[in-house]
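Here is the structure we will look at.
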Amino acid sequence: MACGLPGPFLPAIIVHMKTGKLLLFLSLMPSAFAQTLANSKEVETVYPAAHDLYIDLHQNPELSSHEAQTASKLAVRLRSLGYEVTEGVGGTGVVAILKNGAGPTVMLRTELDALPVEEKTGLAYASKVHAKDDAGRDVSVMHACGHDLHMASLVGTAAIMAHSKASWHGTLMLIGQPAEETISGAKKMVDDGLFTRFPKPSVGVALHVGNALPAGQVGITPGIYNTNADSLRITIYGRGGHGASPHTAIDPIVIAARTILALQTIASREVKPGEMAVVTVGYIRAGTKNNIIPDEAELGITVRTFKADVRKQILAAITRITKSEALAGGAQKEPLIEHYESTDSVYNDPALAERLRAPLEAALGRQNVITEGPITPSEDYAFFVEQGVPSLYFSLGGADPQKYAEAKAAGTMLPSNHSPDFAPDVDLALRTGIRAEVAVLRNLLNGASQ
């Protein structure tokens with residue numbers, strides 16, 4: 001449905017985007033209303049191609065650091081729009097530059113990668129892709145985090161900006177970043193000269209779709225947007241043997257089980273109540289057969305925090321508990337604890353967030369721009385912020401509005417990002433994403449840099 005609009009009102013007739021029915025609602029005064037209609041027409045012009053790209057990307061997802069075809073699809077489309085495109089930055093990263101006279105350099109970033117998840121949405125265009133992960137295992141692959149919608153939105157936005165140069169001035173820098181899901185791609189792009197080989201942005205912008213908001217809305221979080229993230233891999237060493245003779249072995253699975261349970265006491269019993277702390281064991285791998293006690297067991301852990309001191313406390317507690325449980329279980333070798341991925345939280349420049357609220361409200365309607373608190377997922381856009389790029393990372397509603405309302409009334413939750421059932425309301429979310437990105441880019445490319 002067309003979004004409501006702020007300001008002094010006049011009646012207007014709008015066509016519902018899905019049903020084609022005429023809707024009577026209150027709109028802006030003539031000049032602002034004319035601009036809104038123009039913006040809607042721009043979005044509708046690029047929408048079919050953006051939607052086709054979304055379907056293609058959704059059906060053909062690629063794992064982190066292996067996004068060769070995805071990056072190529074993005075590069076081809078941006079190059080055809082007149083952008084100067086460089087591929088292979090930090091692995092499979094894409095950088096596209098469009099210069100349009102004097103002015104600031106503004107960066108818009110999207111992610112390229114998908115997840116090792118088997119899709120269960122039942123959609124006609126659901127992914128059926130399988131691939132080998134970095135450990136050589138055959139896994140299903142799905143865009144379960146919405147990066148396909150982010151890319152389609154960026155390309156739609158890129159087309160509008162390329163075809164409306166009279167509406168802005170400066171340099172637009174579009175980034176297709178690999179390996180966000182392994183919180184490693186942003187750093188690889190920076191290390192490969194992202195801000196030395198190319199213009200360093202005055203400002204950065206990114207968005208993320210999810211079911212925490214209904215499609216048609218966006219969320220702004222001034223200050224800390226999300227959490228610090230730390231990924232750990234723990235290998236517990238035992239001594240293998242026959243499952244019928246456990247007294248001859250040292251069972252690493254039992255030690256791992258005790259360790260998993262003990263780790264859950266960190267947030268509940270060691271961290272001060274009220275502080276944000278998450279310790280999740282995402283996988284356990286051990287053994288090959290039911291009657292064989294293996295030599296070792298492996299745990300995969302993610303840690304999420306807001307504060308540096310809590311982060312330090314939790315990581316130290318994980319080490320202490322893991323070593324103690326191994327010792328208590330009679331392990332003759334100390335566990336191996338590998339801290340292999342990490343990123344700080346993303347910080348939204350408060351002044352920039354407030355500046356961009358106005359163009360978002362003008363584009364989407366005041367009631368559709370929501371102020372949110374920090375979220376618990378993490379993401380490596382923080383590496384760009386740490387390079388001195390003030391940014392706004394905002395949320396894009398993805399939930400079907402009717403399903404969202406029904407779930408809220410029932411006190412239930414819609415499928416979250418990373419769920420095999422995650423499926424945004426593409427028609428409304430993609431249109432909203434394009435409109436929001438164009439609005440903030442034109443604002444930033446028509447005023448003083450931050």
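The values are calculated or read from the model by the stated rules, or taken from the named source; none is laboratory data. The shown structure was predicted, so the numbers you read here are calculated from the model rather than taken from an experiment. So basically every Cβ, Gly included, is an ideal-geometry build from the backbone, and we count neighbours across all protein chains shown.
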Tally, over the range 302-319, of residues that are under 12 Å from R233 (Cβ atoms) and either in contact with a Ser or Thr (Cβ under 7 Å, 6 or more places away or on another chain) or among the polar types (S, T, N, Q) (or both): 1
Check on G398, part of a loop (DSSP other than H, G, I, E, B) and modelled with pLDDT of 95 or more: no
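Can you tell me which residue among A126, A179, A135, A244 is of a type outside the set (D, E), modelled with pLDDT under 95 and in a loop (DSSP other than H, G, I, E, B)? Before the answer, list the steps.
Numbers: A126 fails: modelled with pLDDT under 95; A179 fails: modelled with pLDDT under 95; A244 fails: modelled with pLDDT under 95.
That would be A135, the only listed residue that is of a type outside the set (D, E), modelled with pLDDT under 95 and in a loop (DSSP other than H, G, I, E, B).
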Some residue of the range 415-425 being among the aliphatic types (A, V, I, L, M), touching a helix residue (DSSP H, G or I) at 6+ places or on another chain (Cβ under 8 Å) and farther than 16 Å from I175 by Cα: no
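For the range 264-301, which positions are within 18 Å of L232 (Cα to Cα), outside any helix (DSSP H, G or I) and of a type in the set (V, I, T)? Walk me through it before giving the result.
So in the range 264-301, the residues within 18 Å of L232 (Cα to Cα) come out as 264-267, 277-286, 296-301.
Keeping just the survivors that are outside any helix (DSSP H, G or I) gives 277-286, 296-301.
Within the range 264-301, V278, V279, T280, V281, I284, I301 meet the criteria.
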Odd one out for L327 among (1) farther than 26 Å from L396 by Cα; (2) touching a Cys at 6+ places or on another chain (Cβ under 9 Å); (3) of a type in the set (A, V, I, L, M): (2)
Among (1) closer than 16 Å to T235 by Cβ; (2) in the same structural domain as E437 (by TED's automatic domain parsing), the one test that R355 misses: (1)
Odd one out for A262 among (1) surrounded by 20 or more Cβ atoms within 10 Å (Cβ to Cβ); (2) over 30 Å from N348 (Cα atoms): (1)
All positions within the range 313-359 that are touching a strand residue (DSSP E or B) at 6+ places or on another chain (Cβ under 7 Å) and among the aliphatic types (A, V, I, L, M): I314, L315, I318, A326, A331, L336, I337, V346, L352, A353, L356
Residue satisfying condition, being crowded, with 19+ Cβ neighbours inside 10 Å, in the same structural domain as L108 (by TED's automatic domain parsing), in a loop (DSSP other than H, G, I, E, B) and more than 15 Å from the chain's Cα centre (by Cα), within set V440, V389: V389
The range 396-414 residues that are under 21 Å from T371 (Cα atoms), paired with ones that are among the charged types (D, E, K, R) (beta carbon under 7 Å, 6 or more apart): G398/D425; A399/D425; D400/D425; L414/K403
T288, sole failed condition from (1) hydroxyl-bearing (S, T, Y); (2) over 28 Å from the mean Cα position of the chain (by Cα); (3) within 22 Å of V346 (Cα to Cα): (3)
Residues being surrounded by fewer than 17 Cβ atoms within 10 Å (Cβ to Cβ) and over 20 Å from the mean Cα position of the chain (by Cα) - total across the range 42-78: 7
Residue within the range 209-225 that is more than 30 Å from A326 (Cα to Cα), surrounded by fewer than 17 Cβ atoms within 10 Å (Cβ to Cβ) and hydroxyl-bearing (S, T, Y) present: no
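Quick check on this structure: which one of L81, L108, L115 is out of contact with any Ser or Thr (no Cβ under 6 Å at 6 or more places or on another chain), assigned by TED's automatic domain parsing to the domain that holds E437 and surrounded by fewer than 20 Cβ atoms within 10 Å (Cβ to Cβ)? Before the answer, list the steps.
Details: L108 fails: surrounded by fewer than 20 Cβ atoms within 10 Å (Cβ to Cβ); L115 fails: surrounded by fewer than 20 Cβ atoms within 10 Å (Cβ to Cβ).
The match here is L81.
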